[in-house]
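The values are calculated or read from the model by the stated rules, or taken from the named source; none is laboratory data. This is a predicted model, so every value here is computed, not measured. So basically every Cβ, Gly included, is an ideal-geometry build from the backbone, and we count neighbours across all protein chains shown. Accessible surface is based on the protein model in full, side chains and every heavy atom, while ligands, DNA and RNA are left aside. Shrake-Rupley method; radii C 1.70, N 1.55, O 1.52, S 1.80 Å.
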Amino acid sequence: MNIRRDALEARVLNSLRTRLVDPDLFAEFCDAYTRETSRLRMESGAGIDKAEAELKRISREEEKLMDLYMRDAISIEAVKERGDKLRPQGGAAGLPRHVRRAPAPAASVDGAAIPRTGAAALRDAAG
């Protein structure tokens, strides 16, 4: 089942607004949620860095192959064979698409404001 992040956030905040009245617990939830989304965003960024490094490596290897071919050191068949081995799993087009995908912005709920302003702020935060 897929659910959009904004829809999930709205459902969770609505449930908290209607079922959870302890401002300290709500503030704790908001802090934990923000930490987790930040952690996931950092992991996503690390995957993109790894993919970019792999693209650079592949590009260097392709240049080496072309240099060898241009100096008549290897045949075009050998270039094709070695080039096919360089391609990332899923095809060469799959990796650049992954690299262009930016990490989602970190979602943050101001849980610290909830205890200061009481139930009215809880309703406002939940929309």
**Q.** Residues satisfying the stated conditions in segment 1-55, i.e. β-branched (Val, Ile, Thr) and either surrounded by 11 or more Cβ atoms within 10 Å (Cβ to Cβ) or part of a helix (DSSP H, G or I) (or both)
**A.** VAL12, THR18, VAL21, THR34, THR37, ILE48
Q) Counting only residues that are over 17 Å from ARG87 (Cα atoms) and of a type in the set (Asp, Glu), which one in segment 39-59 is nearest to the chain's Cα centre (by Cα)? A) GLU43
**Q.** Counted residues, segment 75-90 - those being surrounded by 11 or more Cβ atoms within 10 Å (Cβ to Cβ) and in contact with a helix residue (DSSP H, G or I) (Cβ under 7 Å, 6 or more places away or on another chain)
**A.** 5
Q) Considering only segment 60-74, how many residues are open to solvent by 90 Å² or more (accessible area, probe 1.4 Å) and within 33 Å of the chain's Cα centre (by Cα)? A) 3
Q: Would you be able to say whether some residue in segment 74-86 is more than 30 Å from LEU8 (Cβ to Cβ) and modelled with pLDDT under 85?
A: yes
